[in-house]
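Scroll down for the structure; my scribbles are underneath it.
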Amino acid sequence: MEKKRIVTGDRPTGKLHIGHYFGSLINRVKMQDEYDEYILIADVQALTDNFNNPEKVRNNVKELVKDYLACGIDPKKVTIYIQSMIPETAELTIYYSNLVTISRLSRNPTVKTEIAQKKDLFGESVTYGFLGYPVNQAADITVLNGDIVPAGEDQEPLIEQCREIVRKFNSIYGEVLKEPEIYLSKNKRIKGLDGNEKMGKSLGNAIYLSDSEEEILKKVMSAVTDPKRIKKDDLGNPDVCMVSYYHKLFNSEDNYNNVCKECREGLRGCVECKKELAKKIIEYLKPIREKREYLEAHPEIIDKVLIEGTKKARAEAKKTMAKVKKAMKLDYYED
Ligand code: SF4
């Protein structure tokens, strides 16, 4: 039986951290045997709010691939490709732009939230490119005939917008495009070391998959703990402590329960508790970090993955575009 196709991806704006690892990378590794997985490195989309910093976008493309492979994504099973090297996506975006109104895009809750968060960049007036990125994203998914798009709840309106575009296209030009399904991720978002609901580069509260042992230790030592606890024998509350939160992620259930018990009974010092956690995180990430270091030393592996993945994705995109253009009566002559 033919495998269902997943289309997913990341914007190359920074290295990946443990929030990405638990939020999406683990799932991608799990799903790579069962599904035909395509991972898009969304450099065009990254430029919509980094248009003034192209070096940042370019420099992070290969960093993402190193993170993927280091975490166990197998390029023999998964196609990893660069968005800007699939010009068919840009072409399809133009055709889709006739099927979406400005007011519908402006009402998209995900876009609305993001525009509000980017006031510093856009001021009072958002760019055409940023407002329209859901249209570009719809083209990314459908040009590859994606069946499934894994996403968090906050991304749901983007997938719904894509489905609407597909329905409208098919109703006008005929049944050409596949309407993708969302695969709602059950993985919860990982909080930052400072207790912020989100872990992120700009927030300075993340542990990266590429962090050295020293960096991990330093970051863990700065994590937010129970503020009411001053001395070791003060009775603590692990429920408000980020160190206990990460113990739950990286430690065994028994050890985690013991951390909480000792904290509540005033039998555990915060410094020791943090050191113990740092050791666990370092151990957990060691194989990832070592594989990443190997890939750093072998850039030809990354190039090969990207060249071959992009070639395969482009061949798929060309097939879809041939059908799209025929349906739209744009198939004038053979190329
Ligand atoms: Fe947090 Fe551990 Fe300190 Fe309790 S003992 S407040 S769990 S760091």
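The values are calculated or read from the model by the stated rules, or taken from the named source; none is laboratory data. What you see is a predicted model, and the numbers here were worked out from it, not measured in a lab. Backbone-built Cβ (ideal geometry, glycine too); neighbour counts: all protein chains shown.
Which members of the range 72-114 meet the condition of being surrounded by fewer than 19 Cβ atoms within 10 Å (Cβ to Cβ), under 20 Å from A42 (Cα atoms) and among the hydrophobic types (A, V, I, L, M, F, W, C)?
Answer for the range 72-114, where residues must be surrounded by fewer than 19 Cβ atoms within 10 Å (Cβ to Cβ), under 20 Å from A42 (Cα atoms) and among the hydrophobic types (A, V, I, L, M, F, W, C): M85, A90, I94.
Write out, first by first residue and then by second, each pair whose Cβ atoms fall under 6 Å of each other, whose residues are 6+ apart or on separate chains, and whose first residue, in the range 263-292, is in a helix (DSSP H, G or I) while the second is charged (D, E, K, R).
Partner pairs satisfying both residue conditions: I282/E213; R292/K66.
For the range 1-85, please list each of the helices (runs of 4 or more DSSP H) lying entirely inside it that holds at least 3 residues being at pLDDT 95 or above and touching a strand residue (DSSP E or B) at 6+ places or on another chain (Cβ under 8 Å). Working first, answer last.
Numbers: elements: 26-31, 43-47, 54-71.
Here the list reads 54-71.
Looking at the structure I just gave you, is K168 in contact with a Leu (Cβ under 9 Å, 6 or more places away or on another chain), surrounded by fewer than 18 Cβ atoms within 10 Å (Cβ to Cβ) and of a type in the set (D, E, K, R)?
Taking the combined requirement at face value, the residue satisfies it.
So which of D234, D226 is over 30 Å from L64 (Cβ atoms), of a type outside the set (F, W, Y) and either buried (at least 19 other Cβ atoms within 10 Å of the Cβ) or at pLDDT 95 or above (or both)?
None of the other options fit; the residue is D226.
Matching residues to (1) out of contact with any helix residue (DSSP H, G or I) (no Cβ under 7 Å at 6 or more places or on another chain); (2) of a type in the set (A, V, I, L, M, F, W, C):
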site: E160; (1), (2): yes, no
site: I165; (1), (2): no, yes
site: I172; (1), (2): yes, yes
site: L184; (1), (2): no, yes
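Go through the range 230-248 and give me each residue that's more than 9 Å from the ligand (Cβ to nearest atom) and touching a Ser or Thr at 6+ places or on another chain (Cβ under 9 Å).
Once the filter is applied, which keeps residues that are more than 9 Å from the ligand (Cβ to nearest atom) and touching a Ser or Thr at 6+ places or on another chain (Cβ under 9 Å), the range 230-248 yields nothing.
Mind checking which residues of the range 209-223 are more than 11 Å from the ligand (Cβ to nearest atom) and either surrounded by 15 or more Cβ atoms within 10 Å (Cβ to Cβ) or among the charged types (D, E, K, R) (or both)?
L209, S210, D211, E213, E214, E215, I216, L217, K218, K219
Filter the range 192-229 for residues that are in contact (Cβ under 8 Å) with a residue 24 or more places away in the chain and assigned to a helix (DSSP H, G or I) and give the result.
The answer is E213, I216, L217, K219, V220, M221.
For the range 258-272, which positions are within 8 Å of the ligand (Cβ to nearest atom) and under 14 Å from Y245 (Cα atoms)?
Selection gives V259, C260, C263, C270.
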